[in-house]
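Read the structure below first, then the notes.
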Amino acid sequence: MNDMVQATRADPFAAFGMPELGLREFWYPVLPAWRLRRRPRQVRVLGEELVLFRDGARVFALDDRCPHRGARLSLGACRFKATISCPYHGWTFDGTGACVAAIMEGPDSNIPGRAKVKSYPALQRNGLIWVYIGERAAPAFEDDVPDLVADRQRFFTITAITDYACNWRVLADNWTNEHHGPYVHANSPELLLQPVPPFNMELSVIDHGDGRGMGVRGTGGQNYAEFPGLGRFPSHSWHRFLKPHGRGVRGRWHETRAFKEFGVQTPTSSRLPGMVIVARPSAEYFLIQWAMPIDAHNTRLFNINCFRRMGRWREWRDRAHYALFRGWAHDRIFSDQDKIIVESVTPGPEHLSRTDVGLIGWRRFVGRHAGMEKQ
C-alpha cells in the first residue's frame, strides 16, 4: 500500500495509465433519442465534436467540420434523404461521410467523390443514441454492451441523464468504494429508514475474468462504532427500522438469480469503458451508471434503469414506481449527493488507505486495457 500511495502522489491517474479523455474502441451512449429530430445535433464525445443526424430510424454520426472551409455541419440542414448539407456552400455528405453534392457548384461539380468527412458507427437503442468511438471496425452492438441494455426482449429501460463538471475518471472512481455510502448517502430517501450499511470492512478485488469488469467484495465490518473521546457513529438510528430491499446477500451471491441467469458476478460491478452495474439478487432490476467523457473537464452520466419484462401489469407498476419514487429518490437526490462531492474533487497528491482497495484495483484494470488499446 505504501508503494501505491507514493506512486499516485505526482498524478493519481497518469500513474496508472488512465487516459484523460476515456477509453476508445467502445460504444458509448451520447444523447436521448428524442432530442435528435429533423435538425442535426452537435455532441462532444471523448473530446471530439460530432454531428448527429437521422433518416427515420437510421442514425448517422460525422465529424462536425466541413472539409471545404471548416464550417460546422451541425448548423446545416438535412435537405436530401439520408444526407446533411453544410450551411456555408451546401456541400452535402451521406452517412458514410462521402460528399455526394456541392450545391453551389451545381450538379456537374467534380467535388463529389473527392471530399470526405470522418464517419462513426451510430444507432438508436432503448431510447438512446449510441456512437462507436475508435479506429477499428466496430463490434456488433449486442457484443459490446451489457445484455441488460441490448436485450430488448427481456428488459425495458428508463434513463436519466446528468452532466457533471468533472473528469470521467473521478466519477468512475466513486463507484469502486462501498465505504462512501454509509457516510454520504446515509440520509438519502432510499436508505433513510434502512439499517446503516457496514463500514470498516475488509475489501478484496474480484476480477470477473472476461477482460471487461471487476467487483469489490467486502467482508466483516460494523454498523456502529465508538470513537474514543468523540462519541458514536452514527449517533442516531432510532428511525432505521425497515429491512433492506434487494440489497445484501453477502457471501452467497453465486446462489442468486442475478448470477445464475445473467452472470453478474458481484452485486456491484465496475466495467469498461467506464460504468458500474448495480444488481439486485432477484434479477428483476439492474442499474447501469455509465460515464461518457465529454471532454477533459466534463462528463455525461447516464443512469440506465433496467427493468425485467414480467408482463404488462408489472411493467406499469415498475414505471409508476420509477415516476413516483425512484426517479427522484435515486437518479436525482442520491446521485446528486455524489455529484456535489465529485465535482469538488481536486486531483493531485493522494494518501490512499485500505478503504481504497477497489479504487486501486479499478485504476489498474483500466490502465491495463488502455495499454492493450494502443497495440
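The values are calculated or read from the model by the stated rules, or taken from the named source; none is laboratory data. Worth saying up front: this structure is predicted, and the values here are computed from it rather than measured. Neighbour counts are summed over all protein chains in view; Cβ atoms, including those assigned to glycine, are modelled from backbone coordinates with ideal geometry.
Somewhere in the stretch 129-142, is a residue in contact with a helix residue (DSSP H, G or I) (Cβ under 8 Å, 6 or more places away or on another chain) and at pLDDT below 90? For the stretch 129-142, residues in contact with a helix residue (DSSP H, G or I) (Cβ under 8 Å, 6 or more places away or on another chain) and at pLDDT below 90: absent. Filtering the stretch 172-204 to residues that are of a type in the set (Val, Ile, Thr), under 25 Å from PHE365 (Cβ atoms) and touching a Ser or Thr at 6+ places or on another chain (Cβ under 9 Å) leaves only THR176. Scan the stretch 344-354 and give yes if some residue there is modelled with pLDDT of 95 or more and either in the same structural domain as ILE158 (by TED's automatic domain parsing) or among the β-branched types (Val, Ile, Thr) (or both), otherwise no. Within the stretch 344-354 (the criterion being modelled with pLDDT of 95 or more and either in the same structural domain as ILE158 (by TED's automatic domain parsing) or among the β-branched types (Val, Ile, Thr) (or both)), the answer is yes, since at least one residue qualifies.
If I ask for residues that are more than 27 Å from ILE111 (Cβ to Cβ), assigned to a loop (DSSP other than H, G, I, E, B) and either touching a residue at least 24 places away in the same chain (Cβ under 8 Å) or among the aliphatic types (A, V, I, L, M) (or both), which ones from the stretch 37-70 would you list? Those that are more than 27 Å from ILE111 (Cβ to Cβ), assigned to a loop (DSSP other than H, G, I, E, B) and either touching a residue at least 24 places away in the same chain (Cβ under 8 Å) or among the aliphatic types (A, V, I, L, M) (or both): LEU46, GLY47, ALA57. The criterion of at least 3 residues that are under 19 Å from PHE286 (Cα atoms) and modelled with pLDDT of 80 or more is met, among strands (runs of 3 or more DSSP E) falling completely within the stretch 174-257, by 213-219. The set of residues from the stretch 296-316 being free of Cβ contacts under 8 Å to residues at least 12 places away in the same chain and either closer than 16 Å to ILE158 by Cα or small (Gly, Ala, Ser) (or both) comprises GLY311, ARG312, ARG314, TRP316.
Scanning the stretch 273-301 for residues that are among the hydrophobic types (A, V, I, L, M, F, W, C) and touching a Leu at 6+ places or on another chain (Cβ under 6 Å) returns VAL278, PHE286, ALA291. Annotation note: of ALA77, ALA61, ALA15, the sole residue that is among the small types (Gly, Ala, Ser), in contact with a Ser or Thr (Cβ under 8 Å, 6 or more places away or on another chain) and within 30 Å of ILE360 (Cα to Cα) is ALA15. Of the residues GLY327, GLY361, the single one that is touching a strand residue (DSSP E or B) at 6+ places or on another chain (Cβ under 9 Å), outside any loop (DSSP other than H, G, I, E, B), in contact (Cβ under 8 Å) with a residue 40 or more places away in the chain and farther than 30 Å from ARG24 by Cβ is GLY327.
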